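Below: the structure, in structure tokens.
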2 protein chains.
Amino acid sequence: MLDKIIAKITSEYTTLSNEIIEEWKSDILMLELEKGTQLVREGSYTNKLFYIYKGSAKAYHLKNGKAIADWFSFEHEFICAITGYFLGHPSEHYIELTEDSILLEFNRKHINILSNKYHDFERFTRNAITKIMLQLQKRVVYLQFSTAKERYDFLLQEYPKIELHISLGDIASYIGITQETLSRIRAQK
Amino acid sequence: MLDKIIAKITSEYTTLSNEIIEEWKSDILMLELEKGTQLVREGSYTNKLFYIYKGSAKAYHLKNGKAIADWFSFEHEFICAITGYFLGHPSEHYIELTEDSILLEFNRKHINILSNKYHDFERFTRNAITKIMLQLQKRVVYLQFSTAKERYDFLLQEYPKIELHISLGDIASYIGITQETLSRIRAQK
DNA sequence: CATATCCTTTGATATAGATCAAATTCGACT
DNA sequence: AGTCGAATTTGATCTATATCAAAGGATATG
């Protein structure tokens, strides 16, 4: 199964030789965990990167005691505590499973070793980061100047089935509006 | 002078051998252009990446006829039409110099060739993209749920001298508020 | 140096969406 | 199926910020 998942990952980004894949596999953990499991706690040092094979996860932070969703990750997507992973700072985010999930856990150190050792692996990481960067760019555009409804419509375009996986409150905070407002928008459809 | 600039760029991201630098230089244009010059027009295909050596630039798009700033770039920073450059789509952005500037112009094709040929260059591009990704991540956080004043304060923290280079209207649109609101916030200081 | 244009400030008003509060529905567990 | 707690909806109000409008200031141009 791990081989199948890795094949899927590499097919999306770049090809990797068997040698690289074997070395990579040696440090991958495959986890099967329940909805609600916290993968990362705010304030903790974390060097882990996750790949959701089945299920979904969210990253969020607290502002005035309220959870604000920062990042959702569904099947075949990565998720990590961005500032923790890339900058080595204590994590500003919690990461929590929003459904029962099967996921892979990678480790920054090993990823960096592989990136330094193999050009192809470096390309793979570049491609993965580029994808994340482009997603963020899109979010900035619609957070900057758009109404609550425009934001919601945009999100549905990106993730048509998000409502099956993520609660209304989390969706609302992700697009920067309150849950009451989102509820009213839904009611009008 | 070009050598000096390249030394500066590489010092920020990764070391590159002389061989690589020479090959890279063969396709770099150095430009000295006036404030107001348009580097990229919306709708155009563009495969150019710019590095501001002196001066500053902005990327923006039009919404309901109004310009909305998407990205500022100051000395020693990169700028490009993100979707145009990374996805090969027609550009969604204009890029325009906000001051008289000296800049370098790179070309996606050549950058990709170098990235494929040299592992070190690939690492260099990965680092550059990672930096852009982290900047976007920060912007998302403060655009998501913060008051006009918080956004402005955050921007000043990131770019303390931005007011010397960028007009009030552009700054306002960048942080997702109107210029009148920004003017009033300033008046209260 | 006069005029035109752009940029910023100030004022008055309107409104989208927040906040507070309560009712209703949903889902999980016994 | 029945109960409890969580999630969602609905309602009433409030407020930050948008919008509209006009007046100053600053900067560039002939």
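Here the stretch A:40-92 is the region considered, the condition is being aliphatic (A, V, I, L, M) and assigned to a helix (DSSP H, G or I), and the residue that is surrounded by the most Cβ atoms within 10 Å (Cβ to Cβ) is A:I82. Residue-level check: of (1) under 30 Å from B:F124 (Cα atoms); (2) at pLDDT below 95; (3) away from DNA strand D (no atom under 16 Å from the Cβ), A:C80 misses just (2). Among the residues of the stretch A:156-164, is any closer than 19 Å to A:F74 by Cβ, open to solvent by 30 Å² or more (accessible area, probe 1.4 Å), more than 12 Å from DNA strand C (Cβ to nearest atom) and of a type in the set (S, T, Y)? Within the stretch A:156-164, one or more residues are closer than 19 Å to A:F74 by Cβ, open to solvent by 30 Å² or more (accessible area, probe 1.4 Å), more than 12 Å from DNA strand C (Cβ to nearest atom) and of a type in the set (S, T, Y). Being among the aliphatic types (A, V, I, L, M) and touching a residue at least 40 places away in the same chain (Cβ under 8 Å) is the filter; apply it to the stretch B:3-16 and report the residue that is most open to solvent (accessible area, probe 1.4 Å). Here the residue is B:L16.
Exactly one condition in (1) within 14 Å of DNA strand D (Cβ to nearest atom); (2) at the interface with chain B (Cβ under 10 Å from one of its Cβ atoms); (3) closer than 24 Å to B:Y174 by Cβ is false for A:T178; which is it? Result: A:T178 passes all but (3).
Between A:K149, A:K117, the distinction of being open to solvent by 70 Å² or more (accessible area, probe 1.4 Å), more than 11 Å from DNA strand D (Cβ to nearest atom) and facing another protein chain (nearest Cβ under 10 Å) belongs to A:K117 only. Checking each residue in the stretch B:18-37 for being part of a loop (DSSP other than H, G, I, E, B) and exposed (fewer than 12 other Cβ atoms within 10 Å of the Cβ) picks out B:S26, B:E34, B:G36. Listed by first and then second residue, the pairs with beta-carbon distance under 7 Å, at least 6 apart or on different chains, first residue in the stretch A:81-95 and within 8 Å of another protein chain (Cβ to nearest Cβ) and over 9 Å from A:R41 (Cα atoms), second among the hydroxyl-bearing types (S, T, Y) and outside any loop (DSSP other than H, G, I, E, B), are A:F86/B:T130.
The values are calculated or read from the model by the stated rules, or taken from the named source; none is laboratory data. Bear in mind that the values here come from a model prediction, so they are computed numbers and not experimental data. Every residue, glycine among them, receives a Cβ derived from its backbone with ideal geometry; neighbour counts consider all protein chains shown. Ligands, DNA and RNA are stripped out before the accessible areas are found, and what is left, the full protein with its side chains, is counted by its heavy atoms. Shrake-Rupley method; radii C 1.70, N 1.55, O 1.52, S 1.80 Å.
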